[in-house]
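Just below is one structure, and these are the notes that go with it.
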Amino acid sequence: VQLQASGGGLVQAGGSLRLSCAASGRTFTINSVGWFRQAPGKDREFVSRINWRAGSTYYADSVKGRFTISRDNAKNTVYLQMNSLKPEDTAIYYCAASSGYIYAIEPRSYEYWGQGTQVTVSS
């Protein structure tokens, strides 16, 4: 499975961005797709995940109510709509896929990773 993340950029606080994660290869093996982020000097943290087949979702408390994860199975693409962005959302955002877990939120549970896309929110 290969993942290609895109959609990052520079936005003012309160603005919106939509990230995309396009999957290719053996996508039928995917159980869950997650978004993670890593700010300078900090550990990679969970943002959101979606069950590839059933579509159930889960969010970190820090983004709940502001971010929405969705998928388009026909396009093998997962989206992360980010609204009401804050400066503390600034990070490199990574999408990841897990073939073994449906409800995973730990980075170690995901074996496939995209290259990351930078999101910068100015105050």
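Projecting the Cα atoms of PHE46, THR29, ILE102 onto the dipole axis of the chain, where Lys and Arg carry +1 and Asp and Glu carry -1 at the beta carbon, places THR29 farthest toward the positive end.
Overall, the chain carries a charge dipole of about 220 debye about its Cα centre when +1 sits on the Cβ of Lys and Arg and -1 on the Cβ of Asp and Glu, all other atoms neutral.
Considering the chain as a Gaussian network with a 10 Å cut-off on Cα pairs, which listed residue, THR77, THR29, THR68, attains the greatest mean-square fluctuation? Most flexible of the set in this elastic network: THR29.
Each DSSP beta bridge with both residues in the chain is either parallel or antiparallel, and the antiparallel ones are about 90%. In the full protein context, the chain carries 50 Å² of accessible surface per residue, based on a 1.4 Å probe and ignoring ligands, DNA and RNA.
Atom-type composition of the exposed protein surface of the chain places 48 percent of the accessible area on carbon and sulfur (1.4 angstrom probe).
Please work out how much accessible surface LYS42 shows to a 1.4 Å probe, ignoring ligands, DNA and RNA, in Å² rounded to 10. Rounded to the nearest 10, that gives 140 Å². Bridgeable lysines around LYS75 (alpha carbons under 27 Å apart, same-chain partners fewer than 8 residues away excluded): LYS64. Once the chain from SER24 to GLN4 is taken as fully extended at 0.36 nm per residue, the excess over their C-alpha distance is 6.3 nm. Return the long-range amide H neighbours of ALA104 (sequence gap of 5 or more, or a different chain), with a cut-off of under 5 Å between placed amide H atoms. Close amide H contacts, sequence-distant or interchain: none at all.
The values are calculated or read from the model by the stated rules, or taken from the named source; none is laboratory data. Note that the structure is a prediction, hence the values are computed from the model and not measured. Using ideal geometry, Cβ is built from the backbone for each residue, glycine included, and neighbour counts are taken over all protein chains shown. Side chains are part of the model used for accessible areas, which takes the heavy atoms of the whole protein and leaves out ligands, DNA and RNA. Shrake-Rupley method; radii C 1.70, N 1.55, O 1.52, S 1.80 Å.
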